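Trainee: Just dropping this structure here.
The values are calculated or read from the model by the stated rules, or taken from the named source; none is laboratory data. Keep in mind that this is a model prediction, so the values were computed, not measured. We place every Cβ from the backbone using ideal geometry, glycine too, and count neighbours over all the protein chains shown.
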């Protein structure tokens, strides 16, 4: 029997998940939490085999709850159930100790499979995340190859520019002249095949180095 604690701030979703799990004789829902802090407290009280966690919750989010639960009870498995198909969230929860990551638009049969897979000590990744991670990998490889062409000083200036620093601010921060900054910047542009600062910002957004305006 797999004992499960469900943590999600939407009551109707918790009830739906509980009803789904009650159809499987191998699974028992032992508790429900409406935020991350409740999840941590109830895990301490109930000691379930597995905690099913949402990421976006009040008081304490799922990332913080994952970290807290794994620090207290390393043996308890954590499966993330979320709407976020983001590499950032995915890698962060893995870093904190989660064993699986599944999207909320998945089929009920897949969720049950994920629960059983994670409870057996294995990892589970939602198929919906696969394409996102593959694209992210190739973007990272492409960025790595291109930026390996830069010297350490050029890389430093490139990073500061993508953070929004002006040429004069970079000059003061690195204790070099404005003219030297401009020279390094010209080399960065040439190596990356760019013509101006605007193209550099577009390049940084495309490579995922900075996030563009999605409004």
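Trainee: Return a yes/no flag: does region 22-35 have any residue that is assigned to a helix (DSSP H, G or I), surrounded by 15 or more Cβ atoms within 10 Å (Cβ to Cβ) and in contact (Cβ under 8 Å) with a residue 24 or more places away in the chain.
Mentor: no
Trainee: Would you check if there is a residue in region 134-152 being modelled with pLDDT of 90 or more and either assigned to a helix (DSSP H, G or I) or touching a helix residue (DSSP H, G or I) at 6+ places or on another chain (Cβ under 7 Å) (or both)?
Mentor: No, that holds for no residue.
Trainee: Now for a separate question. Could you tell me which of the residues 25, 58 is modelled with pLDDT under 95 and either under 24 Å from the mean Cα position of the chain (by Cα) or under 17 Å from residue 102 (Cβ atoms) (or both)? Before you say what the answer is, go through the steps one by one.
Mentor: On the way: 25 fails: either under 24 Å from the mean Cα position of the chain (by Cα) or under 17 Å from residue 102 (Cβ atoms) (or both).
The match here is 58.
Trainee: A further question follows. Of all residues in region 55-75, which are touching a strand residue (DSSP E or B) at 6+ places or on another chain (Cβ under 6 Å) and either assigned to a loop (DSSP other than H, G, I, E, B) or surrounded by fewer than 18 Cβ atoms within 10 Å (Cβ to Cβ) (or both)?
Mentor: The one that is touching a strand residue (DSSP E or B) at 6+ places or on another chain (Cβ under 6 Å) and either assigned to a loop (DSSP other than H, G, I, E, B) or surrounded by fewer than 18 Cβ atoms within 10 Å (Cβ to Cβ) (or both): 55.
Trainee: Something else: Out of all the residues in region 36-54, which are in a helix (DSSP H, G or I) and touching a strand residue (DSSP E or B) at 6+ places or on another chain (Cβ under 9 Å)?
Mentor: Once the filter is applied, which keeps residues that are in a helix (DSSP H, G or I) and touching a strand residue (DSSP E or B) at 6+ places or on another chain (Cβ under 9 Å), region 36-54 yields 36, 38, 39, 40, 41, 42, 43, 45, 46.
Trainee: State all residues of region 165-177 that are more than 32 Å from the chain's Cα centre (by Cα), part of a helix (DSSP H, G or I) and surrounded by fewer than 14 Cβ atoms within 10 Å (Cβ to Cβ); if no residue qualifies, say none.
Mentor: 168, 172
Trainee: Condition check: over 17 Å from the mean Cα position of the chain (by Cα) and in the same structural domain as residue 23 (by TED's automatic domain parsing). Does residue 66 satisfy that?
Mentor: Working: over 17 Å from the mean Cα position of the chain (by Cα): no; in the same structural domain as residue 23 (by TED's automatic domain parsing): yes.
Here the answer is no, as residue 66 does not meet what is asked.
Trainee: When residues of region 99-130 are filtered for being in a helix (DSSP H, G or I), farther than 22 Å from residue 56 by Cβ and in contact with a helix residue (DSSP H, G or I) (Cβ under 9 Å, 6 or more places away or on another chain), how many remain?
Mentor: 1
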